[in-house]
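**Q** Here it is: the structure, laid out below.
The values are calculated or read from the model by the stated rules, or taken from the named source; none is laboratory data. Because the structure is a prediction, the values reported are computed rather than measured. Cβ sites come from the backbone with ideal geometry, for glycine too, and all protein chains shown count toward neighbours. With ligands, DNA and RNA removed, areas are computed over all heavy atoms of the protein, side chains included. Shrake-Rupley method; radii C 1.70, N 1.55, O 1.52, S 1.80 Å.
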Amino acid sequence: MSASGGTKAIVAALAANLAIAASKFVAFLFSGSSSMLAESVHSLADSGNQGLLLLGGKKAQREATPQHPFGYGRERYIYAFLVSIVLFSVGGMFAIYEGYEKIKHPHEIEAWYWPVGVLTFAIIAESFSFRTAIKESNTVRGNLSWKEFVRRAKAPELPVVLLEDLGALVGLVLALVGVSLALVTGNGIWDGIGTLCIGILLILIAIVLAAETKSLLLGESAGIDEVKKIEASLVDNDTVTGIIHMRTLHLGPEELLVAAKIAVRHNDTAAQVAAAIDAAEQRIRVAVPIARVIYLEPDIYSETKAG
């Protein structure tokens, strides 16, 4: 599965969220709807999140240094983790607080056409953003289900944008339901309940994002397909007769470290072993282009060393 950064999806989401945030805040000023205020903060937080993803992608492109010899590829994971924190605190916790206050001190919604009109516009705009994220994801997810794609993707940007857009769409529907019930019943408490539901939704999404990006930060191995390709490329059944053990680690979404102890024949010369290692490294890079850092240690196979 390609480790595409999904820049097009990020930019589409950023443009949509900036426009939606402005329209929601105007609707809040005219109507006093707490759902509108929570949703405007949510969209503003999402805009900041997309900015963080773009910044992380830019910083990850820096060249390796003596202090960071494996480069800065994991910057993308760090900024994706920051997104989950922002979504939890600025989006989720604020919405829960605002919803609680509105339930405790409800008041009728004024100028109802503002929130209803803005929410309708926001749902349309967010749908286009979500559609872009789906199209970008479909180019890299292969035969994986959406759940598997979010869990296995090594590039964090597309899963983050997908979950953000999904959360935004569901949140907009919740806000529209809350505002509609408040208008029909004349009881502003429904607006507060809608806001509270939005906050809970954002916190759940933030927890999922945090869990997935934490796994990437800790260091994940190559995918199953990549591991099989590397194993097939290593053994030539001539000088390299087998793999004693192998480890892989993502240094970033598009950079993989491969370390393996390989079995060679006991009577091969040093020159033959060195040539076999060079050939194996070349085969690995052809089969898995993101395998940038490769360390191969030759040894004589024994049961005690394997594993």
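**Q** For residue 199, are the conditions met, namely being part of a helix (DSSP H, G or I) and in contact with a Ser or Thr (Cβ under 7 Å, 6 or more places away or on another chain)?
**A** Answer is no for this residue.
**Q** While we're on this one: Restricting to the range 79-134, count the residues that are of a type in the set (Phe, Trp, Tyr), at pLDDT 85 or above and under 17 Å from residue 209 (Cβ atoms).
**A** 3
**Q** Has the range 41-56 got any residue that is closer than 30 Å to residue 258 by Cβ, open to solvent by 60 Å² or more (accessible area, probe 1.4 Å), assigned to a helix (DSSP H, G or I) and without any contact (Cβ under 8 Å) to a residue 12 or more places away in the chain?
**A** no
**Q** To continue, here is another question. Return only the number of the condition from (1) surrounded by fewer than 18 Cβ atoms within 10 Å (Cβ to Cβ); (2) farther than 19 Å from residue 74 by Cβ; (3) at pLDDT 90 or above; (4) β-branched (Val, Ile, Thr) that residue 293 does not satisfy.
**A** Result: residue 293 fails condition (2) only.
**Q** May I pose another question? Among the numbered criteria (1) in contact with a Leu (Cβ under 9 Å, 6 or more places away or on another chain); (2) among the hydrophobic types (A, V, I, L, M, F, W, C); (3) farther than 23 Å from residue 82 by Cα; (4) buried (at least 24 other Cβ atoms within 10 Å of the Cβ), which one does residue 198 miss?
**A** (3)
**Q** Something else: From the list 128, 94, exactly one residue is among the aromatic types (Phe, Trp, Tyr), touching a residue at least 12 places away in the same chain (Cβ under 8 Å), assigned to a helix (DSSP H, G or I) and open to solvent by less than 80 Å² (accessible area, probe 1.4 Å). Which is it?
**A** Step by step, each of 128, 94 is checked, and only 94 is among the aromatic types (Phe, Trp, Tyr), touching a residue at least 12 places away in the same chain (Cβ under 8 Å), assigned to a helix (DSSP H, G or I) and open to solvent by less than 80 Å² (accessible area, probe 1.4 Å).
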